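J.: The structure under discussion is supplied below as structure tokens; questions concerning it will follow.
The values are calculated or read from the model by the stated rules, or taken from the named source; none is laboratory data. Remember, it's a predicted structure, so these values are computed and weren't measured experimentally. All Cβ positions, glycine included, derive from the backbone under ideal geometry; neighbour counts span all protein chains shown.
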Amino acid sequence: MNAVVRTWNLSIIYKAVMAVTGVVLVGFVVGHLLGNLQIFLGPEAFNGYAEKLRHLGPLLWLVRIVLMIMLALHIYVGIKLKLENLAARPIDYRHRRYVRATAASRTMIWSGAGIGLYLIYHLAHLTFKVTNPELYTGNLYLLTVHSFKVWWISLVYVAAMLILCLHVYHGATSMFQSLGLNHDRYNPIINRIGPVLGIALAAATSRFPGGVLVGFPTRREAWR
């Protein structure tokens, strides 16, 4: 019995860690999006924003370290919870009937893996600049625009944002339950947070690569 109680308590702690790290990571995505939207103001605004970030120095690295810790915890705990679920049901159901589980909730581990792969490519592409060397101009605005003119790069980004939508769709709602903040009175509103936030993030972050991909640049300077 004590072992069962310990396992139950540990599972609750894991879910709380998933919720807290998820909030931090989604907050970063929102902040990152708001900053990157300056690309619509033109090269001076976007390059100036990037330069201000570089001048943060130690503070920038502190933020990066905190985010890396949050991401590592999120991945580790997510895998642990998945393994616990599998261990609790070593023999799978012969016929599955989902009552409340959605496609988003059933594929959280896979959408998370997809986001991880995208993150590696995104950092290699625009931060460390180790992919597509022919596109590098020394100007982040032009690099971004010229990159999204390449159809498969735009498709990678748009597909990744759709995966992000799927992950946030369930995660942003379930975190309230993980933190014990759900209530019958507010659940109708809480249940809409994940879908609305997921779709909004995917739509906003896909706007630029999607726009360039289909031939609708945000500014004429992008095509000069």
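J.: Out of (1) of a type in the set (Val, Ile, Thr); (2) surrounded by 15 or more Cβ atoms within 10 Å (Cβ to Cβ); (3) free of Cβ contacts under 8 Å to residues at least 12 places away in the same chain, the odd one out for residue 39 is which?
T.: Among (1) of a type in the set (Val, Ile, Thr); (2) surrounded by 15 or more Cβ atoms within 10 Å (Cβ to Cβ); (3) free of Cβ contacts under 8 Å to residues at least 12 places away in the same chain, residue 39 violates only (3).
J.: Determine if region 169-188 includes at least one residue that is surrounded by 15 or more Cβ atoms within 10 Å (Cβ to Cβ) and either among the charged types (D, E, K, R) or touching an Asp or Glu at 6+ places or on another chain (Cβ under 6 Å) (or both).
T.: So far as region 169-188 goes, no, none of its residues is surrounded by 15 or more Cβ atoms within 10 Å (Cβ to Cβ) and either among the charged types (D, E, K, R) or touching an Asp or Glu at 6+ places or on another chain (Cβ under 6 Å) (or both).
J.: Let me ask something else about it. How about region 24-109: which helices (runs of 4 or more DSSP H) wholly inside it have at least 2 residues that are closer than 20 Å to residue 178 by Cβ and either touching a strand residue (DSSP E or B) at 6+ places or on another chain (Cβ under 7 Å) or at pLDDT below 85 (or both)?
T.: Those helices (runs of 4 or more DSSP H) span 58-88, 103-106.
J.: Still on this structure, I have one more. Restricting attention to region 129-146, which residues are of a type in the set (Ser, Thr, Tyr) and without any contact (Cβ under 8 Å) to a residue 12 or more places away in the chain?
T.: If the condition is that a residue be of a type in the set (Ser, Thr, Tyr) and without any contact (Cβ under 8 Å) to a residue 12 or more places away in the chain, then 131, 136, 137 are the ones that fit.
J.: Quick check on this structure: which one of 126, 164, 179 is more than 18 Å from the chain's Cα centre (by Cα), under 25 Å from residue 70 (Cβ atoms) and not aromatic (Phe, Trp, Tyr)?
T.: 179
J.: Helices (runs of 4 or more DSSP H) wholly in region 127-224 with at least 3 residues that are under 28 Å from residue 21 (Cβ atoms) and either at pLDDT 90 or above or basic (Lys, Arg) (or both) - which ones?
T.: 151-178, 187-213
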